[in-house]
1. log₁₀ I(q)/I(0) of the protein assembly as shown at q = 0.05, 0.06 Å⁻¹, via Debye over equal Cα point scatterers, no solvent, to two decimals?
2. Choose one answer from B:Gly294, B:Gly265, B:Gly31: the residue with the largest mean-square fluctuation in a GNM of chain B with alpha-carbon springs under 10 Å.
3. Going by amide H atoms built from the backbone, whose H comes under 5 Å of the H on B:Thr325, apart from near neighbours?
4. Could you give the semi-axes, largest first, of the ellipsoid that matches chain B, computed as the square roots of 5 times the alpha carbon gyration tensor eigenvalues and rounded to whole Å?
5. Over what distance in Å are the Cα centres of the range B:78-92 and the range A:111-178 separated?
6. Greater than 32 Å separation of Cα atoms is the criterion. Which listed pairs, B:Lys117/B:Lys199; A:Lys199/A:Lys290; A:Lys199/B:Lys199; A:Lys290/B:Lys72; A:Lys117/A:Lys199; B:Lys117/B:Lys290, meet it?
7. Wrap a convex hull around the Cα atoms of the range A:44-92, take a quarter of its surface area, and give that in square nanometres.
8. Give me the log10 of I(q) over I(0) for the range B:1-106 at q = 0.17 Å⁻¹, as the Debye formula computes it from C-alpha points; what are the numbers?
There are 2 protein chains.
Amino acid sequence: MDAALVTDLVNVRYLSGFTGSNAALLVTVDGRVVFATDGRYVDQAATQCPDVERLVSRQLTEVLVATLEDHKPLRFAVETHSLSVDEHGIVAAQVTSRDGWELSSLEQAVERLREVKDADEIEALRTACDMSTQALAGLLAGELLGRTERALARDLEWRMYELGAEAIAFETIVASGPNSAIPHHEPTDRQVAVGDLLKIDFGARHAGYHADCTRTVLVGSGADWQRDIYAAVAAAQRAGVDACVVDTPVADVDAASRDSLASAGYLEWFTTGLGHGVGLQIHEEPLISKRHPGRLRAHTPLTIEPGIYLPGRGGVRIEDTVVVTATGPEVLTHATRDLLVLD
Amino acid sequence: MDAALVTDLVNVRYLSGFTGSNAALLVTVDGRVVFATDGRYVDQAATQCPDVERLVSRQLTEVLVATLEDHKPLRFAVETHSLSVDEHGIVAAQVTSRDGWELSSLEQAVERLREVKDADEIEALRTACDMSTQALAGLLAGELLGRTERALARDLEWRMYELGAEAIAFETIVASGPNSAIPHHEPTDRQVAVGDLLKIDFGARHAGYHADCTRTVLVGSGADWQRDIYAAVAAAQRAGVDACVVDTPVADVDAASRDSLASAGYLEWFTTGLGHGVGLQIHEEPLISKRHPGRLRAHTPLTIEPGIYLPGRGGVRIEDTVVVTATGPEVLTHATRDLLVLD
């Protein structure tokens, strides 16, 4: 293609540094980059993308396409996976009205670039993960028994903010007792009781980058079945992390954890995905699954998060944010994966 | 149209009650409603939409269209304003492969339904607004001087959570001194000082509904120019709220506040929109502007939020969430609009 119109806001941020809620970017093959936003963001854009040609308009895509007015015929690509049908119609009318111009799809080209992170991105992720696990350590050092899921979630979030998080990365999951069997439980007013599995899935956001971590602890004391499923999840999680080596097929990472759960006899109770890329979005490519056709690339951060969920009884998930590096997996979420029994 | 495919998640939630992150809904003119989600949400969907025919699949739109297999030719509508080009392509291939079927746009039909709220929705909004203004009262009763914007924002959010908010409605704005001149300022480590205008734009979310409120106070003592712009904004805000009467052209609400600011000589410093609908999203239709062609309908919640922003010096915004009712505007955000001078 000769020119690409980037309209997905996360992709715009990735390419330009702009963090506002309305913008688009035009990139041409001969190196021209034009950024457009509306009147609210003039100052912010000047600060965040000082080196880029900037336009201000209510009609972002229209002014961007118009900047190519004198351009020779070209192949013009748009992000068809996120651009709405209506917006696409506006761009298409403008593009196809020009002699010899052609409209095509950029597909997920920018998302593919985003999968592999540079040093600054990994540093941001590292900071987000440090804030997260420090906050968890603080929470777990305090009382758990008798507090509600909701209170624990708010406490943990407060700690992340106090440690400098710019936001929480996603809605915190605190799931106790039978609720721990629900993979994506919303915290309730249930009070943590002796014998509960307590599952905490949480993360801080720093400089736009999202940490993602889950730990499950036992409260007061535990039963054998709880220790058994914990051990099975811990082994499967370790196997998944260990598989995060450059050039490994993504499907093999999935298989590593699933084979481990299968040999322990628990595979049928693992009902979610194993993990996903993480960065400017909490869920990014690559999604780890047996259907993924690709291989792991260096400097790709991933989550590895197997679990066992026994409906009505309880569940365990252990999740780390891990970076694939040339020398093997680097875990960014530093918190013990040993079973903690706490009060 | 004969059948509509609803893919916008907020619209799906509005029509079905489902709050998860992946679902679609098919509605036919003869009253059939079919809901689809993926395996993660089977239990949640059963709880949240017990009375609806439910399907589970990875390919939501595909299985939904397939349920109409035996249907006579029909006009099939999709949400072209939010559906991506790629997803639309999949649906279009399926629909147009059937003899006599036609594809059309649902346009923003569901969004138009959402503008007018029922009693339960307004009650949820009322609760969200109460949590918000109670939290503000608590914050303003404490110390302001010397605390950072960021600390005040976190404190206010914490108070909303403590009062039962399920989430904050949007990223809290706390803007002090010269920063108050930035309409959408992100809280920094700047410490609040004597003579600051302190602008706080915030809200709680309850049962999916978003409160939206802004207050600006003076810290320690104020100068005449600060009192002048406060009085001008308060008058313009009052004029806008008073214009929220059933059947008033939306453009007249805009004019009411703008005329007030113009007569005070400050219109050029009001650089944002006057307000917007609010509900399951923080920004909904109707957007209040001179270009809006419609009239206010009863039970429509709106924000009215004029401001004056003097770059480098400071700014004032006063914002309420207001419901248009048959008997006049009802303000849901109960907090004084008088100028407070606090320490």
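Every number in this text was worked out from the coordinates using simple rules, so none of it is lab data. Everything quoted here is computed from the prediction, not taken from an experiment. Cβ sites come from the backbone with ideal geometry, for glycine too, and all protein chains shown count toward neighbours.
1. Scattering profile of the protein assembly as shown, log10 relative to I(0): -0.26, -0.38.
2. The residue with the greatest mean-square fluctuation here is B:Gly31.
3. B:Val246, B:His299, B:Glu330
4. Its equivalent ellipsoid spans semi-axes of 43, 22, 17 Å.
5. Result: 35 Å between the Cα centres.
6. On the way: B:Lys117/B:Lys199 29 Å; A:Lys199/A:Lys290 26 Å; A:Lys199/B:Lys199 38 Å; A:Lys290/B:Lys72 39 Å; A:Lys117/A:Lys199 29 Å; B:Lys117/B:Lys290 23 Å.
Going by Cα-Cα distance, A:Lys199/B:Lys199; A:Lys290/B:Lys72 fall outside the 32 Å limit.
7. Projected over every direction and averaged, the Cα hull of the range A:44-92 covers 4.7 nm².
8. Log10 of I(q)/I(0), two decimals: -0.72.
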